[in-house]
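Asks: Quick one: the structure is below, and I'll ask about it shortly.
The values are calculated or read from the model by the stated rules, or taken from the named source; none is laboratory data. Note that the structure is predicted; figures quoted are calculated from it, not measured. No Cβ is skipped: glycine too gets one built from the backbone with ideal geometry, and neighbour counts run over all protein chains shown. Just so you know, the surface numbers come from the protein's heavy atoms only, side chains and all, with ligands and any DNA or RNA stripped out. Shrake-Rupley method; radii C 1.70, N 1.55, O 1.52, S 1.80 Å.
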Amino acid sequence: MSVCATRSMYQLAVGSFIAAAAMSLASRAHAIDLNTLDTFQDQSVLNWLGGTSITNKPGGRGGAADRYVQVDSNGNSSGAGSRLAFHNSDARWTGDFLSAGVTGVQFDAANFGALGVELRVVLFSSGSRWTSVQSVALPAGAGWQTITIPINQSALTRVLGTNAWPDSITNVSQFMIRHDPGTPSSGGSAVDATIGFDNIRAVPSPGAVSMLVGVGLLATRRRRRLG
Ligand SMILES: [Ca+2]
């Protein structure tokens, strides 16, 4: 084989390697930001959508200057705005929840309506939906509450589609909080509600952090033993 042919084969191999590496990086889902914290102090709704309307208002849990978002739903039997749901598809609320170490969502919520609601999280991924096994009750007139809803395989159940858990939790396309009483459903229930939300954050659980540290230590010991 000539020197020329060897060199062009080498260049082809290097080119293929670079192309494969670039494709691998491009196809890797970005991770949700673990430090995401939506305080709504900028007077926007930070691209949260849902209900009949979603409005940034003053007078939250922290006093007159504390902004929050109010989500309204009309409780009609069907149609847009009938259900109390609000959702976000921004990069800071989507992507790979697993590698980011997200194990829950925490937020402040107040029920300003006449009816109690039961809140669940919903993760959308490739045509599938996962929602909380257990709902959290937010009674009418109870004032601001801090609510934490776990996000892990045993806390969520698939209510739509066929996407497996490992694929879903690493590739979330939309994040939602909604009223869904009783048995977990794929579409929630209609309710006439007015709910305030503030300080929405993605959180890890202390248990998960110590477990990850433990797994890291085990891996290090194993590497040392093998080395
Ligand atoms: Ca606020």
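Asks: Scan segment 203-212 and give yes if some residue there is buried (at least 16 other Cβ atoms within 10 Å of the Cβ), at pLDDT below 95 and of a type outside the set (Gly, Ala, Ser), otherwise no.
Replies: Yes, because at least one residue in segment 203-212 is buried (at least 16 other Cβ atoms within 10 Å of the Cβ), at pLDDT below 95 and of a type outside the set (Gly, Ala, Ser).
Asks: Determine, yes or no, whether residue 99 is touching a strand residue (DSSP E or B) at 6+ places or on another chain (Cβ under 8 Å), in a helix (DSSP H, G or I) and away from the ligand (no atom under 16 Å from the Cβ).
Replies: In short, yes.
Asks: I've got another one for you. Going by the structure shown, is residue 122 touching a residue at least 12 places away in the same chain (Cβ under 8 Å), away from the ligand (no atom under 12 Å from the Cβ) and of a type in the set (A, V, I, L, M)?
Replies: yes
Asks: Among residues belonging to segment 73-96 that are open to solvent by 30 Å² or more (accessible area, probe 1.4 Å) and either within 24 Å of residue 41 (Cβ to Cβ) or charged (D, E, K, R) (or both), point out the one that is farthest from the ligand (Cβ to nearest atom).
Replies: 83
Asks: Please enumerate the residues belonging to segment 28-52 that are open to solvent by less than 70 Å² (accessible area, probe 1.4 Å) and more than 10 Å from the ligand (Cβ to nearest atom).
Replies: Once the filter is applied, which keeps residues that are open to solvent by less than 70 Å² (accessible area, probe 1.4 Å) and more than 10 Å from the ligand (Cβ to nearest atom), segment 28-52 yields 29, 31, 32, 34, 36, 44, 45, 46, 48, 50, 51.
Asks: Of these, 143, 62, which one is more than 22 Å from the chain's Cα centre (by Cα) and surrounded by 14 or more Cβ atoms within 10 Å (Cβ to Cβ)?
Replies: 62
Asks: Among (1) open to solvent by less than 60 Å² (accessible area, probe 1.4 Å); (2) touching a Phe, Trp or Tyr at 6+ places or on another chain (Cβ under 8 Å); (3) farther than 23 Å from residue 34 by Cβ, where does residue 130 come up short?
Replies: (3)
Asks: For segment 53-69: of the residues being assigned to a strand (DSSP E or B) and touching a strand residue (DSSP E or B) at 6+ places or on another chain (Cβ under 7 Å), which is farthest from the ligand (Cβ to nearest atom)?
Replies: 53
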